[in-house]
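To keep things clear, I will list the structure first and then write my remarks on it.
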Amino acid sequence: MKLIRKILSILALALFVGAAGQTLYSQNQESCPSLQIEAIESGELANLIALSGGFNQGIERGMLLPAFGDERKIGELLVTRSKENYSATLITQINPKDSFAIGDRVAPKVRTF
């Protein structure tokens with residue numbers, strides 16, 4: 001129950017905070033496990049998605065995360081808020097024939113320079 005309250009509060013904050021002050025990529029991406037969609041909230045301004053991982057798993061504000069359902073990419077999410085073990089995202093891209101569902105897998109893009 002506490003996790004649900006935390007997720008709902010972070011989703012509400014994400015609407016107001018947005019993606020300002022983005023960080024490009026996490027320093028901990030290589031150790032980041034696969035994450036899952038925990039909650040989906042439809043709103044008038046945006047659809048928000050809560051993830052099962054946060055800052056402790058290497059997820060930081062501004063990261064773009066591909067989402068997969070049945071092992072194929074269904075869309076992309078932008079992290080707007082990251083806490084210790086959960087984060088809030090906005091949908092930036094979605095395949096027109098697909099939709100996000102609770103339990104879909106999310107993984108950070110690993111970039112090397």
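The values are calculated or read from the model by the stated rules, or taken from the named source; none is laboratory data. These numbers were taken from a predicted model, which means no experiment stands behind them. Cβ sites come from the backbone with ideal geometry, for glycine too, and all protein chains shown count toward neighbours.
Points to keep in mind about this one:
- Qualifying residues in the range 69-103 (those that are assigned to a strand (DSSP E or B) and of a type in the set (D, E, K, R)) - the one surrounded by the most Cβ atoms within 10 Å (Cβ to Cβ): ARG81
- Pairs linking a residue in the range 37-58 that is on the phi > 0 side of the Ramachandran plot to a residue that is in a loop (DSSP other than H, G, I, E, B), with Cβ atoms under 8 Å and 6 or more positions apart or on different chains, are GLY58/SER26; GLY58/GLN27; GLY58/ASN28; GLY58/CYS32; GLY58/PRO108.
- Residue within the range 64-86 that is closer than 18 Å to SER9 by Cβ and of a type in the set (Phe, Trp, Tyr) present: yes
- Set side by side, the residues GLU30, GLU76, GLU71, GLU38 differ, and just one is in contact with a strand residue (DSSP E or B) (Cβ under 9 Å, 6 or more places away or on another chain), within 16 Å of PRO108 (Cβ to Cβ) and either charged (D, E, K, R) or modelled with pLDDT under 90 (or both), which is GLU76.
- Scanning the range 83-103 for residues that are under 11 Å from the mean Cα position of the chain (by Cα), over 18 Å from LEU45 (Cβ atoms) and at pLDDT below 95 yields a count of 1.
- Counted residues, the range 48-65 - those being part of a strand (DSSP E or B) and over 14 Å from LEU90 (Cβ atoms): 0
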